[in-house]
Every structure is written in structure tokens, then in C-alpha cells.
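Chemist: I am attaching a structure below and will ask some questions about it afterwards.
The values are calculated or read from the model by the stated rules, or taken from the named source; none is laboratory data. This is a predicted model, so every value here is computed, not measured. Glycine gets a Cβ as well: all are built from the backbone with ideal geometry, and neighbour counts include every protein chain shown. For accessibility, only protein heavy atoms count, side chains too; no ligands or nucleic acids. Shrake-Rupley method; radii C 1.70, N 1.55, O 1.52, S 1.80 Å.
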Amino acid sequence: MQDYLLNKIFTVPYLDKMVCDCDVNLFVDSCHSLIASASETFGAAVHDIYQYMSMSYRNEYYFKNTIFNQLMIQNHDIRRTAAFTEFPIGESKADFVMINGKGVVYEIKTDLDNFDRLEGQLMDYYKVFPYVNVVVGYKNYSKAKEILKESPVGIYVLYQTNHLLCRKKAIYCDRYITHEDTFKVLRKREFEQILLKYKNSLPTVNNFLYYRECLKWIQEIDKKTLHEEMLACLKQRRLTQKKNEIIDTVPYELRAYAYFTKNCSCDLINQFCKRKVEGKNVLSVS
């Protein structure tokens, strides 16, 4: 039951509901089973629950937030780097995609996950991106190392100390990248922009045939060139957002949420964290 509550709390839609709509009743109720002493603010309650997760239940959000903080913020300029979560590719959704000069996929397997779908997921990701990593908890490292020993897939391990370390570097692999799968991740405005750049025009066909004809034209562009244009388009999607505030003002535990939410500003998040707990106590995790 506790695991279910933690997974429910730390999702973008649920955090949006708390932060933007000030709907904290369910948060208070959900935390009640995890608490031992009173927290004065909602920020303190989130911190205490996150600390509990670090010791007892490092779920997918915990992994994503660690990747965001330890790989994206520490290793890159957040203002010039783009990231996506649950990014659809083929029949799969990449947990975390980072773009800074190159596109890199991070597929998360927590200590409670299995590897049943991993092979299919990795093959989907290689249809669009040449660098793919699997991020595992320390309990799954040996298994991941054995499964991926002959593959170009990199391995990151989230250790008990909560440090994320690369144990196997991803090797560039573009043999599976396809024009069609690259085309599918682009928005209409984006692939039209690419066609105008390289073809100087757009297909003049009816709406029913337009998408198919655009794909035919895209397939005439060099695969490497198309990949670079796709990265530029994806990067531009995120670089229109303000991000410098995240490092300076948002608590560590909510930085990934602050980046990926489309509804709540950093100011709103910080106002939420400073709010005093009233009525029923929100308790901090023992």
C-alpha cells in the first residue's frame, strides 16, 4: 500500500493537482501511513517522504529526479540541454531522453522491475537514437551486466549511497536508425520546416495523402542529416522554457517535476513548499 501511495504522489499530474490546485487533502491522507512526527510545511513533508524513498523505495520518479540532478544539472548547462520523459518511440516510451549535442536515452529499471520487455524497448530506442543506457539499482547491476555485456548499451547504477555512476559506457550505434521512426517523433511544423530547408517546398496533395507524401520526401534526406535536424527540433521544444530558476529556487526533491510540468511555475512550487500545514498534520517519515 505504501509503495502504491508513493508512486501516486510522485507523478506530474498528481503534483500538479497539489501545487496548482492547492488540493492537498489526498496528499495528507496518503502520507499519514508513513509518518511519525509533525512537519511544519509541505516542503518539509515532501523532503521527509523523499528521504524515506531513498532508504526504502526508490521508485521511477526517484530515478528520474536523480538522473536530472546528477547527470543533467551537474554535467551540462541546463539552459542549453533538453530533456524528455515518457518519450514515445515505436511501441515503447523512453523513461528519460537528454539532448545536448547528441541524443541519449536512459531506460530505468528499478530494483522492483523485471527485464522482460527490455530487449524490445532497446530495439525501439535505437530506431531513433544512437546512444542508449539502462539505469538500474545496485541489486539489478549483475543481471544487467550479464544481459548487456555484448551490446552497445551503457549501464548506470544507482548505488545505496544514492550516487549514480556509469559502469559501462554506451557505444555509438546508428545502424538501426530509420527515416520513418525519426519522422514519427517530429511534429507537423517541425518536419515541414526540415522539408522547406532541404526541398524548398512542401507536397501539394490533399490532406489524406499529405503525411505519406511528406514521409517520402523525408526519406530522400541523408539519414545523418535528418537525425541532426531532429535533434535540433527536439532541443528547441524545451529551450523555449525558462530553466535557470530550477537550480536556484526549487528544492532538490522536486526539480524533475519543475522541469517536466507544463502547468506550474517555479514560483508556484516554492509557494507550495513554504505553505504551513494546517488542520490534519502531515508527518515526517521515521
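Chemist: List every residue pair whose Cβ atoms lie under 6 Å apart, where the two residues are 6 or more positions apart in sequence or sit on different chains, the first residue falls within the range 4-28 and is within 18 Å of PRO251 (Cα to Cα) and modelled with pLDDT of 75 or more, and the second residue, located anywhere, is of a type in the set (A, V, I, L, M) and open to solvent by 50 Å² or more (accessible area, probe 1.4 Å).
Modeler: VAL19/LEU268
Chemist: Going residue by residue through the range 213-227, is there one that turns out to be of a type outside the set (A, V, I, L, M) and within 21 Å of the chain's Cα centre (by Cα)?
Modeler: Taking every residue of the range 213-227 in turn, at least one turns out to be of a type outside the set (A, V, I, L, M) and within 21 Å of the chain's Cα centre (by Cα).
Chemist: Across the range 111-150, what is the number of residues that are of a type in the set (Val, Ile, Thr) and touching a Phe, Trp or Tyr at 6+ places or on another chain (Cβ under 6 Å)?
Modeler: Counting residues in the range 111-150 that are of a type in the set (Val, Ile, Thr) and touching a Phe, Trp or Tyr at 6+ places or on another chain (Cβ under 6 Å) gives 2.
Chemist: May I ask you to list the residues in the range 239-271 that are of a type in the set (A, V, I, L, M, F, W, C) and farther than 15 Å from LYS64 by Cβ?
Modeler: Of everything in the range 239-271, those that are of a type in the set (A, V, I, L, M, F, W, C) and farther than 15 Å from LYS64 by Cβ turn out to be LEU239, ILE247, CYS264, CYS266, LEU268, ILE269.
Chemist: Another question, then. From VAL185, VAL135, VAL205, grab the single residue that is more than 18 Å from LEU234 (Cβ to Cβ) and in contact with a strand residue (DSSP E or B) (Cβ under 7 Å, 6 or more places away or on another chain). Don't jump to the end; show me each part of the working.
Modeler: Working: VAL185 fails: more than 18 Å from LEU234 (Cβ to Cβ); VAL205 fails: in contact with a strand residue (DSSP E or B) (Cβ under 7 Å, 6 or more places away or on another chain).
After ruling out the rest, the residue left standing is VAL135.
Chemist: Quick check on my filter: what residues within the range 55-82 are of a type outside the set (Val, Ile, Thr), touching a residue at least 60 places away in the same chain (Cβ under 8 Å) and under 15 Å from TYR156 (Cβ atoms)?
Modeler: Matches in the range 55-82: ARG58, PHE63, LYS64, ASN65, PHE68, ASN69, GLN70, LEU71.
Chemist: To continue, here is another question. Can you name the residue in the range 226-242 that is of a type in the set (D, E, K, R) and modelled with pLDDT of 90 or more and, of all such residues, is surrounded by the fewest Cβ atoms within 10 Å (Cβ to Cβ)?
Modeler: GLU228
Conditions tested, residue by residue: (1) outside any helix (DSSP H, G or I); (2) open to solvent by 20 Å² or more (accessible area, probe 1.4 Å).
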residue	(1), (2)
GLN70	no, yes
VAL97	yes, no
VAL104	yes, no
ILE108	yes, no
ASP113	yes, yes
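Chemist: Restricting the search to the range 83-111, which residues are of a type in the set (A, V, I, L, M) and either touching a Leu at 6+ places or on another chain (Cβ under 9 Å) or in contact (Cβ under 8 Å) with a residue 40 or more places away in the chain (or both)?
Modeler: Going through the range 83-111, the residues of a type in the set (A, V, I, L, M) turn out to be 83, 89, 94, 97-99, 104-105, 108.
ALA83, ILE89, VAL97, MET98, ILE99, VAL104, VAL105, ILE108, listed by residue number.
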